[in-house]
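Report on the structure given below.
The values are calculated or read from the model by the stated rules, or taken from the named source; none is laboratory data. Please read all numbers here as calculations on a predicted model, not as lab measurements. No Cβ is skipped: glycine too gets one built from the backbone with ideal geometry, and neighbour counts run over all protein chains shown.
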């Protein structure tokens with residue numbers, strides 16, 4: 001509900017539904033016969049009337065073009081259709097709007113909108129529409145502005161922390177083979193030292209060993225601490241190491257391939273993404289302040305015990321289940337004895 005983009009959801013659903021129906025049309029509606037009469041002008045928007053139902057203008061040139069422009073702005077596929085075949089696409093939209101006009105007139109003439117089920121569904125939909133519009137207007141009246149300078153400041157201060165900015169941390173790129181015993185590890189280590197670090201894959205394949213990538217190793221990585229400590233001392237690359245963990249239960253032959261610098265996305269490429277995130281955060285902070293302020297001016301009466309009682313009941317239930325399990329376990333042990 002609190003996503004600003006949700007305010008357009010009802011509109012998007014309508015537009016996409018309209019596009020889907022348009023694409024399914026096969027020209028089954030016949031064209032109107034030509035006439036020498038001057039085109040009728042609608043009093044509502046002062047444009048040519050394209051369709052009247054029971055004497056009432058339903059579709060005009062301006063209303064048709066407004067709908068088409070709305071769909072173009074929201075649907076890339078439809079935009080392409082308008083570029084390559086504008087007249088046929090425009091007529092298909094008209095035919096679909098004509099279909100909906102007939103359905104609307106059928107609903108009105110048959111009293112569909114007065115049926116209880118219709119009213120109930122409409123009320124539910126309108127309740128959500130009102131909530132969306134209320135929230136949208138609340139945001140409009142309490143604007144949160146995030147400038148490019150704000151985004152750049154955030155970018156510079158969070159280069160090494162924000163995963164949206166960071167491509168990879170600084171560290172040592174490393175690969176290696178794990179062994180359960182020191183003898184096998186030492187033997188492979190000396191072979192690799194003699195053959196050269198670049199031959200790790202070849203030697204591992206010959207001995208049917210699995211080569212594991214440790215990625216970029218630094219203090220924040222998931223590699224074993226012994227590997228991190230050993231790699232932190234490497235100053236030239238590539239370099240072969242024989243590493244063992246503290247209790248000597250695991251051994252690795254590790255190749256330190258290269259020293260990697262900190263890498264992050266260019267500012268312009270992620271500026272808009274960062275701005276949206278900062279705006280969402282700022283909106284949340286604004287709501288935390290404004291909602292309590294407005295609540296003080298209204299007669300809010302909150303049942304504070306309801307959720308407290310729910311939590312207590314849940315805790316009591318879990319405690320009872322635990323006690324029953326202990327009793328059953330004691331009974332089972334007595335039976336076994």
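Evaluating residue 245 against the criteria (1) touching a helix residue (DSSP H, G or I) at 6+ places or on another chain (Cβ under 8 Å); (2) under 23 Å from residue 191 (Cα atoms); (3) modelled with pLDDT of 95 or more leaves one unmet condition, (3). Annotation: of all residues in the range 215-231 being surrounded by 12 or more Cβ atoms within 10 Å (Cβ to Cβ) and touching a residue at least 40 places away in the same chain (Cβ under 8 Å), the one that is nearest to residue 249 (Cα to Cα) is 227.
Scan the helices (runs of 4 or more DSSP H) fully inside the range 141-260 and keep the ones with 2 or more residues being over 30 Å from residue 273 (Cβ atoms). Give the steps one after another, and end with the answer.
Details: elements: 148-157, 182-195, 200-206, 225-231.
In the range 141-260, 182-195, 200-206, 225-231 are the helices (runs of 4 or more DSSP H) which contain 2 or more residues that are over 30 Å from residue 273 (Cβ atoms).
Kindly indicate whether any position in the range 264-285 is in contact with a strand residue (DSSP E or B) (Cβ under 9 Å, 6 or more places away or on another chain), in a loop (DSSP other than H, G, I, E, B) and under 30 Å from residue 231 (Cα atoms). Yes. Would you confirm whether any residue within the range 298-317 is outside any helix (DSSP H, G or I), over 22 Å from residue 138 (Cα atoms), touching a residue at least 12 places away in the same chain (Cβ under 8 Å) and out of contact with any strand residue (DSSP E or B) (no Cβ under 7 Å at 6 or more places or on another chain)? No, the conditions are met nowhere in the range 298-317. Quick check on residue 113: is it in a helix (DSSP H, G or I) and surrounded by 15 or more Cβ atoms within 10 Å (Cβ to Cβ)? So residue 113 fails the test.
Out of 67, 45, 62, I need the residue that is in contact (Cβ under 8 Å) with a residue 12 or more places away in the chain and within 34 Å of the chain's Cα centre (by Cα). Which one? Only one candidate passes the filter, namely 67.
Tallying residues that are loosely packed, with under 13 Cβ neighbours inside 10 Å and over 17 Å from residue 257 (Cα atoms) within the range 191-209 yields 4.
Could you tell me whether the range 13-26 includes any residue that is assigned to a loop (DSSP other than H, G, I, E, B), at positive phi and either surrounded by 14 or more Cβ atoms within 10 Å (Cβ to Cβ) or modelled with pLDDT under 90 (or both)? Looking for residues that are assigned to a loop (DSSP other than H, G, I, E, B), at positive phi and either surrounded by 14 or more Cβ atoms within 10 Å (Cβ to Cβ) or modelled with pLDDT under 90 (or both), one finds none in the range 13-26, hence no. A single entry from 43, 107 fulfils the requirement of being in a loop (DSSP other than H, G, I, E, B) and exposed (fewer than 15 other Cβ atoms within 10 Å of the Cβ): 43.
Going by what's in this entry, would residue 68 be described as surrounded by 12 or more Cβ atoms within 10 Å (Cβ to Cβ), part of a loop (DSSP other than H, G, I, E, B) and touching a helix residue (DSSP H, G or I) at 6+ places or on another chain (Cβ under 8 Å)? Against the criterion (surrounded by 12 or more Cβ atoms within 10 Å (Cβ to Cβ), part of a loop (DSSP other than H, G, I, E, B) and touching a helix residue (DSSP H, G or I) at 6+ places or on another chain (Cβ under 8 Å)), residue 68 does not qualify.
Looking across the range 71-88, the residues that are in a helix (DSSP H, G or I) and touching a residue at least 24 places away in the same chain (Cβ under 8 Å) come down to 71, 74, 77, 78. For the range 160-183, a residue qualifies if it is out of contact with any helix residue (DSSP H, G or I) (no Cβ under 9 Å at 6 or more places or on another chain) and within 15 Å of residue 254 (Cβ to Cβ), and the qualifying residues are 173, 182. Here residue 142 passes the criteria (1) surrounded by 13 or more Cβ atoms within 10 Å (Cβ to Cβ); (2) in contact with a helix residue (DSSP H, G or I) (Cβ under 7 Å, 6 or more places away or on another chain) except the one numbered (1).
Taken over the range 229-258, residues that are touching a strand residue (DSSP E or B) at 6+ places or on another chain (Cβ under 6 Å) and closer than 24 Å to residue 161 by Cβ amount to 2.
When residue 168 is tested against (1) buried (at least 18 other Cβ atoms within 10 Å of the Cβ); (2) within 35 Å of the chain's Cα centre (by Cα); (3) within 29 Å of residue 245 (Cβ to Cβ), exactly one condition is not met: (1).
In this structure, residue 126 qualifies as closer than 30 Å to residue 287 by Cβ and without any contact (Cβ under 8 Å) to a residue 40 or more places away in the chain. Within the option set 255, 289, being more than 20 Å from the chain's Cα centre (by Cα) and in contact (Cβ under 8 Å) with a residue 40 or more places away in the chain holds for one residue only, 255.
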